[in-house]
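The values are calculated or read from the model by the stated rules, or taken from the named source; none is laboratory data. Please read all numbers here as calculations on a predicted model, not as lab measurements. Positions of Cβ are backbone-derived with ideal geometry, glycine not excepted, and every protein chain shown enters the neighbour counts.
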Amino acid sequence: MLADLTNSCTIVSTESPAYNMIKTETQGRVAIITLNRPKALNALCSELFHEINDALARFDNDSGIGAIVLTGSERAFAAGADIKEMKDTQFIDNYKSNFLGHWVEQINKLRKPLLAAVNGYALGGGCELAMMCDIIYAGEKAVFGQPEINLGTIPGAGGTQRLTRAVGKSKAMEMILAGSVNLDAQEAKTLGLVSAVFPPETLLQETIKTATKIASKGAVSVQMAKEAVNQAYELNLSSGLHFERRLFQATFATKDQKEGMGAFAEKRKPNFTHE
């Protein structure tokens, strides 16, 4: 959570799709959400997250969308949280309002795959936002870090939990406790934080390419597969294997399973109907 580069932020209604701080578009069955606070290096504030959550909910409920891409600018995915917005808040108010809880509310219950295309800075809340996504692709100049300790606080939106699972305890401790140890794109890939690294100018299209491939599969099995992988972080091995097996068995009640296996047997391309 680090960025003191902001315009003022206020909470606004999430009912309207006319956004102030993000841009949305679609390419085929892929939706793209672009953070759009260039003067603040996409610093994360309440209004921005309300808009992200609204867009995610709309695309998640749109049967014409099979995958979602979240990105920022070439300079910054998100440089951190809006420090000016939070610096004077008090514990009791934060506790009662579950401050930062809305950051993860919609992403945690998102059924469709969410891919992050990270260029430039992904620091503090920006790194946490990227780690909330299912797949992270990085531009060659991407930088990941959790420098909250420098502000007298700690990560509050998953940094201590997701980063540790992604890069291991020692590296996560070093990054979070020192507050000055960041990962470049290649280090992040080597450690398993990101899946692939691309030139900045091709990053978004490469991410959309993967999202398009995912969106071309049967939507039900994609959703089940995402759910099963996420449960690997929550369940012990025996329970996870049982959960996976039950979802596998459940796919045999779908039209797409019949079409997919039938097409394989007939040596043709499947025509999934997402049923």
Within the stretch 14-50, residues closer than 18 Å to A117 by Cβ, without any contact (Cβ under 8 Å) to a residue 40 or more places away in the chain and either assigned to a helix (DSSP H, G or I) or in contact with a helix residue (DSSP H, G or I) (Cβ under 7 Å, 6 or more places away or on another chain) (or both) come out as M21, I22, T24, A31, I33, R37, P38, L48
Of the conditions (1) buried (at least 17 other Cβ atoms within 10 Å of the Cβ); (2) in contact (Cβ under 8 Å) with a residue 60 or more places away in the chain; (3) part of a helix (DSSP H, G or I); (4) in the same structural domain as D60 (by TED's automatic domain parsing), A172 fails just one. Which one is it? (2)
Per the filter on the stretch 58-92, residues more than 28 Å from K217 (Cα to Cα), among the acidic types (D, E) and modelled with pLDDT of 90 or more are E74
Criterion violated by L193 - all others in (1) in a helix (DSSP H, G or I); (2) out of contact with any Pro (no Cβ under 6 Å at 6 or more places or on another chain) satisfied: (1)
If you go through the stretch 198-209 one residue at a time, do you hit one that is in contact with a Phe, Trp or Tyr (Cβ under 8 Å, 6 or more places away or on another chain), part of a helix (DSSP H, G or I), among the hydrophobic types (A, V, I, L, M, F, W, C) and under 16 Å from G139 (Cβ atoms)? yes
Is there any pair linking a residue in the stretch 206-227 that is more than 15 Å from K109 (Cα to Cα) and modelled with pLDDT of 95 or more to one that is hydroxyl-bearing (S, T, Y) and assigned to a helix (DSSP H, G or I), with Cβ under 6 Å and at least six apart or on different chains, and which? S221/T251
